[in-house]
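Everything on this sheet refers to the single structure shown next.
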Amino acid sequence: MQRREFSQAVAVTAALGLWGRQPAQAAGQMDAKTQPAALGTNLSGMEWAKPGLRHGLSSAPNIHFTVPRKADVAYLAACGFTKNRLPIQWELLQPMLPGTQASPTVRALVGEPGEFHTAYASYITGLLDAHASSGMRCIIDLHNYARYQDFRYQPDGSVIGLRAAPDALLRPYTADKAQMQTRIFALAEGASLTPAQFADFWRRAALKWKGHPGLGGYGLMNEPHELPERGGLLESKRGRDDLMIVPVFMQAAIDAIRAIDTATPIYVAGNEWGNAGSVGTKNPGFPLSGTGLIYEVHLYLDRRSTGHAFDWETEASLKKTGGYQPAPITSTTGRDRIAVAVDWAKAKKVKLALGEIGMPVDDPRWAESFKNTIDLALQNGVEVYSWMGGNHWPMRSHAINHVPGWHQNKTLEPLVSGVMKASAGIAQATLFDDGPGHARSGMPVTITVYARGNLARPLRLAVTVKGKGQLSKTQLLIPAGPNGRDFYTFLPAENQVAQLSYSGVDSPSVQVPPPRKVYSLTDPAAYASTRLDDAAMAIIARYSACKWDLADGYSDYLLGAPAANGQAVRAVSDSGYGSSPVNAMEMINWTNKESAAMGSMSLPVMRVAQGRKSSAHEPDTFGFWCKKTVPEAGVRPNPDYRVPYNLEDSHFVVAAVETSSKNSNGLVFQASQAEENHACELAFDHGNPVVRWTDAKGKQLELSSPDKLPPRKLALLALTSAPGKQVLRVNSAQADTASTTFAPAQFSQMLMGWGFRNYYPQPGFTGQVYAVITGKGVPTDNELAVLERYLRN
């Protein structure tokens, strides 16, 4: 969509849940006086193939790295962002350095010295095209930290153990890790990575992409750090880097580019990871010679400016946690850091870009610190790029990242985007709500209504009740600014099904969250004879369970629409009660299928038969994925970004599916951790329903049904697990049981129609998924029977 076409977005404002400062203003537009120099994110994903590259098959698109999609770019443009940074991996684009003395056999596998890899280069061109069509620009960012991971070449030009990959999309590799080396920028005689090789890369890049309407800059090298000491060849761990290495390399690249392209901006990063606070003290060669140079700095808001210490209390404390530690942070720490770079840039009369910044702004103190930093940067004409957007499986549900989600059948804007919009004066927001649906006798429930994005003015909503119960208030006030929220409590009368609805007070046509029900039923299973759907939803609410129904299948989690028959399905909202205001339990498919060079995997496809929707899964289909986090050592555990249970917890799954053959194999549902082997899996084995558990100590349990299920007929599969008791149910009858207790094993993801363990996808079954319900706890047999009847109807 061209920028000039954004005025047409007014027609879909209600659908997107966006509104501008003025009623006539289109979504994504700003007044000219508030337009920043550039504002966007890092479209991460293409730089992730390390560390397995060269010594294994860790080079598969959509698995080991992922190319951002056109939809990612279009969504950012619709949000008012203007320019993005695209991290790429040097080794993937230029598999063999120029001047390499390689044998003909090696060249036949790896490529000719210096040549760009055709498929990987096409990914970059495709993204430049996407930026151009969306009215944006894109910086090609060489994200290699002044290093290059390479083979070791023998005197005869061979590589010991070099093998061709079994798939044309994978890279050749050696099974012998000793045949790898890491080259590093150096100036001493015998350097393995030279200014001439670096200049060659950028000369080729300028020749290939000069003049592309989507090209916004050449990002020479991301975060150089720990380079060799003067006269050395190995990285320094003592803080004695030769500070002249970076300017020599950067100048060589600038000269190579400017001999070809005299107009496109060039982004230059400095020593010490491009640290904003030391740009003027650790870069004696700056500023460099050349036109159109922009000096790129990075900063994060924690003490060490790493972006990994998320606990405000610890970072703001006077207490040291070991070793050298900078001063405690305050709300102005980031602002003070960027101010150092701004003052340096003004004194040197050069332009500045904040190439990376991020923090988990779910904590309002981090949000304030973040906004203070962005405000000062934009006020001084500094370009700003958040970390990290893009499209790769590990990037979901981290508060520091700029990755959208999907909730209540709408794109869920990341929190960081709202803060950036507020600093830039972009007024857009979408409203959601969350809260429990089960009310215990005499206990009120708390419902939160929140905006994602930035409101130019406060927004008043009215809350009404259909049914008996008491509201703590009948009007909500969502404050102006980024990511505002308000909440209320509701105390239902006993044994009630109450519906809560919203409407705009000042703007009746404003987009509001959908109506929600609260259940205080004393016996939901018995209520099924009165109204089955309410009885089932009451049980789902009682267990705070997730429900993914393909009736809610959408074409995309970025500005998607209901998927039609035969159309790919990429998003299914949790229509149960497993979500919270910062933890939407979306099921999405992020796979990039925009060219044949992305891999052979297929997408789920919507099927509509007799008015009922399902997703069809063929062999090699990548299904749906709800990706969350696990606590990390030394990092504040965030209970909000979690799946509902771990393996050792009591849990249950109910699925409505249909196989395509009598010998169907593969996964229907998996709860697991992408990087580990433990899992709970509901699957088919040659047409027989099975459930498998593997705990963190390798203990395995399998339950199976003795009977094959007939193909092309709706089947109900259910599992329950509690310490000392596991059950498999098939079509509402108990099929197998066991009595086992599992060792603790943390889950960080749930998948429908396939699985993902040990960094690799697991085959899904061939058939159709109608719906899946899962949660913590074990429902009674009567409750399970209600859920099964509900999914059958």
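The values are calculated or read from the model by the stated rules, or taken from the named source; none is laboratory data. Since this is a predicted model, take the numbers as computed values, not measurements. Cβ: placed from backbone, ideal geometry, glycine included. Neighbour counts: every protein chain shown. The accessibility values were calculated without ligands, DNA or RNA, using every heavy atom of the protein model including side chains. Shrake-Rupley method; radii C 1.70, N 1.55, O 1.52, S 1.80 Å.
Table for the structure above
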item: Test result for E189, acidic (D, E) and open to solvent by less than 40 Å² (accessible area, probe 1.4 Å); result: no
item: The one condition in (1) of a type in the set (A, V, I, L, M); (2) touching a strand residue (DSSP E or B) at 6+ places or on another chain (Cβ under 9 Å); (3) surrounded by fewer than 21 Cβ atoms within 10 Å (Cβ to Cβ) that A596 fails to fulfil; result: (2)
item: Boolean, N782 is in contact (Cβ under 8 Å) with a residue 40 or more places away in the chain and open to solvent by 10 Å² or more (accessible area, probe 1.4 Å); result: yes
item: Test for T100: is it among the hydroxyl-bearing types (S, T, Y), over 32 Å from the mean Cα position of the chain (by Cα) and assigned to a helix (DSSP H, G or I); result: no
item: Tally of residues being open to solvent by 40 Å² or more (accessible area, probe 1.4 Å), under 23 Å from E235 (Cα atoms) and touching a strand residue (DSSP E or B) at 6+ places or on another chain (Cβ under 8 Å) across the range 271-321; result: 3
item: Unique match (being open to solvent by 20 Å² or more (accessible area, probe 1.4 Å), under 27 Å from A568 (Cα atoms) and assigned to a strand (DSSP E or B)) among Y770, Y790; result: Y770
item: Failed condition for E681, given (1) more than 32 Å from the chain's Cα centre (by Cα); (2) within 22 Å of L550 (Cα to Cα); result: (1)
item: Within the range 407-418, tally of residues that are open to solvent by less than 10 Å² (accessible area, probe 1.4 Å), touching a residue at least 60 places away in the same chain (Cβ under 8 Å) and farther than 29 Å from L521 by Cβ; result: 3
item: The range 425-447, subset touching a Gly at 6+ places or on another chain (Cβ under 7 Å) and more than 23 Å from S509 (Cβ to Cβ), residue surrounded by the fewest Cβ atoms within 10 Å (Cβ to Cβ); result: T446
item: Residue check for R712: open to solvent by 30 Å² or more (accessible area, probe 1.4 Å), under 19 Å from K547 (Cα atoms) and of a type outside the set (S, T, N, Q); result: no
item: Members of the range 677-695 that are under 18 Å from P644 (Cα atoms) and assigned to a loop (DSSP other than H, G, I, E, B); result: H678, D695
item: Test set (1) open to solvent by 60 Å² or more (accessible area, probe 1.4 Å); (2) more than 25 Å from G355 (Cβ to Cβ); (3) without any contact (Cβ under 8 Å) to a residue 24 or more places away in the chain - G161 fails condition number; result: (1)
item: Any chance L76 is more than 24 Å from C138 (Cα to Cα), buried (at least 22 other Cβ atoms within 10 Å of the Cβ) and in contact (Cβ under 8 Å) with a residue 60 or more places away in the chain; result: no
item: The range 103-139, subset open to solvent by less than 10 Å² (accessible area, probe 1.4 Å) and part of a loop (DSSP other than H, G, I, E, B), residue farthest from W209 (Cα to Cα); result: S134
item: From the options K371, K410, K421, K348, residue that is at pLDDT 95 or above, over 22 Å from Y577 (Cβ atoms) and touching a Gly at 6+ places or on another chain (Cβ under 7 Å); result: K421
item: Verdict on A175 being open to solvent by 20 Å² or more (accessible area, probe 1.4 Å), more than 19 Å from A597 (Cα to Cα), of a type in the set (A, V, I, L, M) and touching a residue at least 40 places away in the same chain (Cβ under 8 Å); result: yes
item: Residue count, the range 512-527 (criterion: in contact with a Phe, Trp or Tyr (Cβ under 8 Å, 6 or more places away or on another chain) and open to solvent by less than 60 Å² (accessible area, probe 1.4 Å)); result: 4
item: Residues satisfying the stated conditions in the range 539-566, i.e. over 27 Å from the mean Cα position of the chain (by Cα) and over 13 Å from G775 (Cβ atoms); result: N565
item: Exclusive hit being within 24 Å of the chain's Cα centre (by Cα), in a helix (DSSP H, G or I) and either on the phi > 0 side of the Ramachandran plot or aromatic (F, W, Y) (or both), set F370, F432; result: F370
item: Criterion (among the small types (G, A, S) and touching a Ser or Thr at 6+ places or on another chain (Cβ under 8 Å)) met by exactly one of A683, A696, A735; result: A735
item: In the range 37-55, residue most open to solvent (accessible area, probe 1.4 Å) [restricted to those that are in contact (Cβ under 8 Å) with a residue 40 or more places away in the chain and over 16 Å from L93 (Cβ atoms)]; result: P51
item: Hits in the range 529-575 - residues which are open to solvent by 10 Å² or more (accessible area, probe 1.4 Å), under 30 Å from Q496 (Cβ atoms) and among the aliphatic types (A, V, I, L, M); result: L532, M537, A551
item: Test: residue in the range 660-674 that is buried (at least 17 other Cβ atoms within 10 Å of the Cβ), in a loop (DSSP other than H, G, I, E, B) and under 26 Å from the mean Cα position of the chain (by Cα); result: yes
item: Residues (small (G, A, S) and open to solvent by 60 Å² or more (accessible area, probe 1.4 Å)) located in the range 476-511; result: S509
item: In the range 251-295, the residues that are on the phi > 0 side of the Ramachandran plot and in contact with a Lys or Arg (Cβ under 9 Å, 6 or more places away or on another chain); result: E272, G290, G292
item: Residue, nearest to the chain's Cα centre (by Cα), within the range 448-465, restricted to residues that are open to solvent by less than 10 Å² (accessible area, probe 1.4 Å) and within 19 Å of E586 (Cα to Cα); result: G453
item: Any chance L728 is open to solvent by less than 90 Å² (accessible area, probe 1.4 Å), within 23 Å of E648 (Cα to Cα) and within 36 Å of the chain's Cα centre (by Cα); result: yes
item: Candidates K468, K421, K473, filtered to the one that is open to solvent by 30 Å² or more (accessible area, probe 1.4 Å) and either within 26 Å of the chain's Cα centre (by Cα) or closer than 22 Å to R542 by Cα (or both); result: K468
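Here is a yes/no grid of residues against (1) among the aromatic types (F, W, Y); (2) in a loop (DSSP other than H, G, I, E, B); (3) under 26 Å from T66 (Cα atoms); (4) in contact with a Leu (Cβ under 8 Å, 6 or more places away or on another chain):
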residue: S158; (1), (2), (3), (4): no, yes, no, no
residue: L169; (1), (2), (3), (4): no, yes, yes, no
residue: A191; (1), (2), (3), (4): no, yes, no, yes
residue: A199; (1), (2), (3), (4): no, no, no, no
